[in-house]
Every structure is written in C-alpha cells, then in structure tokens.
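> One structure coming up, written as structure tokens, with questions to follow.
The values are calculated or read from the model by the stated rules, or taken from the named source; none is laboratory data. No experiment lies behind these values; they were computed from the predicted model shown. All Cβ positions, glycine included, derive from the backbone under ideal geometry; neighbour counts span all protein chains shown.
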Amino acid sequence: MSEPDNSYRPLITQSWQRVAMSGLFPDASVDDAVIEEVDRRSRLMLAATPVLDEMAEELDGNGFAVILADRNARLVDLRYGERQLQPKLEEVGTVEGRRFLEETTGTNSIATAFELRRGIAVRGEEHYIEALKKFSCYGQPVVNPATRRIEGVLDITCLSEDDSPLLAPFVIRAARQVGERLLEESRQAELRVFRSFQDATVRARTRPVIAIGDDILLANTAAVQILQPADHALLRALAVDAPIDRETTQDVQLSAGPLLTASVLRVPGSGAALFTFGEVQTRSATMIQGPVVPTGSLLITGEPGTGRTTVARAAAHDDATWFDAAHVTEQGVRTWAEKLRACLAVRGCVVLEAVDHLPPSLAREVAEDLRSARARVIVTSAPVDQLLPEHAGVVSECTERIELAPLRYRRPEVPGLVNKMLEELGAAPHVRFTPAALEALAGQQWAGNLRELRTAVKAVCDIRSAGDVTVADIPERWRGRLTRQLTPLEQAERDTIVKALKDSGGNKKAAACALGISRTTLYRAIRSFGIADIPPS
C-alpha cells in the first residue's frame, strides 16, 4: 500500500482538536483519528489512481477535468484533458484540498451527490453560484461494495459549450471501477488479517489467539476453549477502540470468569484487531469497581444512570445519613436544610445526592455549610461542566473526585453488564444473549446509561424465560441496525450535535447556527449518526 499523504494530517488534526476542546471526549487520541482518516484516504487513492490515469488518457486533448473528492467532499486529485481549463477552474476555487460543501457553493456535483447518494448532473444555469454557471459537472458517488458506504465522489467537469450526454455514463462506469478496486482491497485486507493470525499462532504456541473484525472471526484451539458467544461482542468493541499504529496491552474480562492480559494490534487497512492472550490473572475483576474509600470529601459526577448512587454506596459508611436534593420540595426547604446542617456539624458520614437539583439559593447555603463541616461528605452530581454557578460552588468544596463515563464510551463493558444484570434480575440460567444481540445493544447510545440498559434487559426477561435471546427479542427502540461502531471522533461529533439539538429544544435551524454549520450538513449528520428527533421544549 502507498504511504499516507501527511499533508492531510493537519486538516484532520485541527478538526479533531475542535471536538476535543468541547470536553466531551477528553481522553481521545488525536493521532489515532488522524492515522485512521489518512489510511482511509490512502485506500481510496490507491483504488482510484489507475482509473483516473485511464480516464485522463482517454480525455487527453479535450476540454474536460476529472476530479476526485474524498468522503469529506475534499478534492484530492484533479486531472485536465487540456491545460487551458485549469486556470478557469482554479478561479472558482477548484483546487486540491478545497472542500465543496452545499453551504458554501450551493448545489454542486460533489456535495449534492453525497447528499442524494446517487449521481447528479449540474449544468450551467443550474448552479447556484454565478461564477460556476459557465460549467457543466457530472458527479457519481464511489461506493465500497463490501460496506455500502460512500468513500468519495468522482466528477467530470467541462465548459457548458462542451457538454455531452455521453459524460454521465462515462463517469458512472469509472466510479463503478473504483468501487470494484475498493472491494478487491477489502479482500486483500482479509488476507492480511489471516496472515497476521497465522504468524501470531506460531509465536504464541499454546496461548489463545483471536483475530476479529466486523465480518471476520478467527480463533485457535486454545481461544475456542475459553471464549463464550458473549465475548465476541466484547472483543469487537475493543477492536474498534484499539490504536491503529501500535500494539497495546490491556486486561480483558471474559464472561466465563477469567481475567486475561492481551496484547492488541489493529491490522492496518482491515478494521480488524489481533488479540494474543497471556496467562490468567490471579486477581478478580468486576464490571463496576468499588472506589478506594477516600478520607476527604468526595464528589461523584456523571450523567444520570451512570451508577452514581452505586459508587456512593460503596464509598459510604454503613451508618451514613443520606440526603437527596430531589426531595427538598416535599420535605420543605428549611426543614431539609436544617437537618443537613445538623448532620454536617457532627462526625460521621453524609451523602448528598443530586446537588444539581438544589434550588440555587439553597445551593449557596449548602456550599457555606460544607466549608465548616465536621462530617465526611460524599456528593453526587451531573457532570461539572453542566452545573450552574451555585451548584458548582457546592462541588468545589470536595477534595476528591470520581468521574463516571457514559455507557456509550464503555461499549466493551456492555456484554459483561448484561450478564450481571441477568443474574440480578433472577433470569433463568439458560437465558443467554447471542453475540448479535449483544452487539446490537453495544451499538446503542444509551442516553439513560446503566439505568436504561437495565430496563432493556428486564424487558427481554419479561418475554424470554429460556433459550437464546436474538436481536428480534430486543424491544425495537433498542434494536436498531448496527452497521458499524463509531470512532471516538464520530462519537464526539455525535454528542456535540445532540447537545446542540437539546439546547435548542429540537430546533434544527437554531442548532445548525450554534454549531456553525448549514442545515443541510446537520440533516446529513443526523441521518448518518442515527439521531432520533428531539421534541421541542
């Protein structure tokens, strides 16, 4: 495979850094996102170059330009049949590296082809921008037959007076040829996975080795003996999160019980990862670890349903006094506040839950009481960046902090969590989620986090008392059709869009304005990420 074009790296890095600054995905690696995007672009260029060479040869001496755009509508290759056309196109911004978006150039044969997912011709006066009206353009999406995803758009452009009805079938044929070459590259990627698996089994001798991706699973005899169907979903999720350019080591909790250390290596250009397992660890592991009990005041933050109360219970003393801010109104503000102040004034343990629900005036009082508290205090709240200033004053009095990640960032844990919930719900021993069902659950966004996952598992238990749970047994709202895992960059982008939609009460025009994008781009992202409608507030 050709070397990645590093000139593309700064563009991706800048985009990723803008998302990272939102704070939604603070631990993500810029390099991983960059390398993955560069690798995808290299595969498109590798498949397209011979086709572009042939098109350029056929059009040599004629007034046509052949243009290739990547999946971000960025121009990555331009060929000219005659050089007189080049300066005319450059005058309207048709240069390598330029992104052709509908919000900046209106209807055009590149961005609109992405939007419609089909070929399009934009001739002369059909262009929105006046400067483009002297051109006729034919764009055709390049589709990877293996994944059915659009990897780019192939375009032929000419002056309007040189337009010909033969251009449309010409560009359709060429785009199909690029797609066929992408399919062949997918087959070559499968061969690379197989060879990597063979090499690893020779080196590992009797240790378990697994190669796993979206559509591939290879396991040696030692791996078959320790793997359960539920582990397939776990490993696929870990494969998506693994770095692309280096081997890493991590502990893997299998559903059958053993905690194993595995070296994980992504096979370049394949979407699959190679797991080589080590010896069984002697320590035990649970899906929800109890924190080390701190000696100072403790803040536990996270979205609703992430297990804040469970962690608080593990950190609190058995004789702790619990206060829930959600009960202030029913108990009376003054009664609730005086009882809390009295408990804080004596030694012991006080748990103050959901401080973000406190009335602002009461939150200021509570912050003052915490400064002179003699009791050990455990506070739970929504994420700090979502708090009002009055509530932020309360949590700032805590000397230690535990931040609970949303379930959508903990996809590898979903299979183990489902099995644990089955036990807690008293499900029959023979009730078991199939790998496909677990992968469908792992692919959901889980706005309600662990609480919502438990609701889904309980709904399945209510209708299935024995046997394997398939995707069809999962209630439709959690079923979905999982076509792929989102990359960290895509997940962060999705979260940013969802937040903007919530902040605008579901008003897409206002959300697009807040995000600095067009409504067309927003609608495309909503469809791509499977974002459900958010009702107006």
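> Kindly indicate the residue of the range 323-332 that is of a type in the set (A, V, I, L, M, F, W, C) and modelled with pLDDT under 90 and also surrounded by the most Cβ atoms within 10 Å (Cβ to Cβ) among those meeting that condition.
Among those residues, the one meeting the criterion is A325.
> When the range 406-428 is examined, which residues are found to be over 18 Å from L254 (Cβ atoms) and part of a loop (DSSP other than H, G, I, E, B)? Give the steps one after another, and end with the answer.
So the first thing to find is which residues in the range 406-428 are over 18 Å from L254 (Cβ atoms), and the list is 406-409, 424-428.
Once the filter is applied, which keeps residues that are over 18 Å from L254 (Cβ atoms) and part of a loop (DSSP other than H, G, I, E, B), the range 406-428 yields P406, L425, G426, A427, A428.
> Do you know which residues across the range 236-254 are of a type outside the set (D, E) and either assigned to a strand (DSSP E or B) or in contact with a helix residue (DSSP H, G or I) (Cβ under 8 Å, 6 or more places away or on another chain) (or both)?
R236, A237, L238, V240, P243, I244, T248, T249, Q250, V252, Q253, L254
> Let me ask another. Go through A65, A56 for me and flag whichever is closer than 18 Å to V142 by Cα, at pLDDT 85 or above, of a type in the set (G, A, S) and in contact with a Phe, Trp or Tyr (Cβ under 6 Å, 6 or more places away or on another chain).
A65
> Going residue by residue through the range 141-152, is there one that turns out to be buried (at least 17 other Cβ atoms within 10 Å of the Cβ), among the β-branched types (V, I, T) and either out of contact with any Pro (no Cβ under 7 Å at 6 or more places or on another chain) or farther than 16 Å from R181 by Cβ (or both)?
So far as the range 141-152 goes, yes, one or more of its residues are buried (at least 17 other Cβ atoms within 10 Å of the Cβ), among the β-branched types (V, I, T) and either out of contact with any Pro (no Cβ under 7 Å at 6 or more places or on another chain) or farther than 16 Å from R181 by Cβ (or both).
> Could you please find all residues in the range 434-457 being on the phi > 0 side of the Ramachandran plot and either in a helix (DSSP H, G or I) or of a type in the set (V, I, T) (or both)?
Start the filter on the range 434-457 by keeping residues that are on the phi > 0 side of the Ramachandran plot, which leaves 446, 449.
Correct list: N449 only.
> Scan the range 139-170 for residues that are among the acidic types (D, E) and free of Cβ contacts under 8 Å to residues at least 24 places away in the same chain and jot them down.
Correct list: E161 only.
> Scan the range 420-455 for residues that are under 20 Å from T470 (Cβ atoms) and over 25 Å from the mean Cα position of the chain (by Cα) and report the count.
Counting residues in the range 420-455 that are under 20 Å from T470 (Cβ atoms) and over 25 Å from the mean Cα position of the chain (by Cα) gives 8.
> Being more than 27 Å from the chain's Cα centre (by Cα), basic (K, R) and outside the structural domain of L254 (by TED's automatic domain parsing) is true for just one of R181, R207, R203. Which residue is that? I'd like the intermediate steps shown before the answer.
On the way: R207 fails: outside the structural domain of L254 (by TED's automatic domain parsing); R203 fails: outside the structural domain of L254 (by TED's automatic domain parsing).
Of R181, R207, R203, the one residue that is more than 27 Å from the chain's Cα centre (by Cα), basic (K, R) and outside the structural domain of L254 (by TED's automatic domain parsing) is R181.
> Return the residue satisfying two criteria in turn: it lies in the range 156-198 and is outside any helix (DSSP H, G or I) and at pLDDT 90 or above, and of such residues it is nearest to S270 (Cα to Cα).
Looking at residues that are outside any helix (DSSP H, G or I) and at pLDDT 90 or above, I get I156.
> Which helices (runs of 4 or more DSSP H) sit wholly inside the range 76-147 and have at least 2 residues that are hydrophobic (A, V, I, L, M, F, W, C)?
Once the helices (runs of 4 or more DSSP H) in the range 76-147 are filtered for at least 2 residues that are hydrophobic (A, V, I, L, M, F, W, C), what remains is 85-91, 111-116.
> Go through the range 189-208 and report how many residues are over 28 Å from N144 (Cβ atoms) and touching a residue at least 24 places away in the same chain (Cβ under 8 Å).
Residues in the range 189-208 being over 28 Å from N144 (Cβ atoms) and touching a residue at least 24 places away in the same chain (Cβ under 8 Å): 4 in total.
> To continue, here is another question. Mind telling me which of the residues S136, S186 ends up being surrounded by fewer than 21 Cβ atoms within 10 Å (Cβ to Cβ) and in contact (Cβ under 8 Å) with a residue 12 or more places away in the chain?
Of the residues listed, the single one that is surrounded by fewer than 21 Cβ atoms within 10 Å (Cβ to Cβ) and in contact (Cβ under 8 Å) with a residue 12 or more places away in the chain is S186.
For (1) outside the structural domain of L417 (by TED's automatic domain parsing); (2) touching a residue at least 60 places away in the same chain (Cβ under 8 Å); (3) part of a helix (DSSP H, G or I); (4) surrounded by 13 or more Cβ atoms within 10 Å (Cβ to Cβ), each residue gets a yes or a no:
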| residue | (1), (2), (3), (4) |
| --- | --- |
| P304 | yes, yes, no, yes |
| D318 | yes, no, no, no |
| R334 | yes, no, yes, no |
| E338 | yes, no, yes, no |
| R347 | yes, no, no, no |
| V351 | yes, no, no, yes |
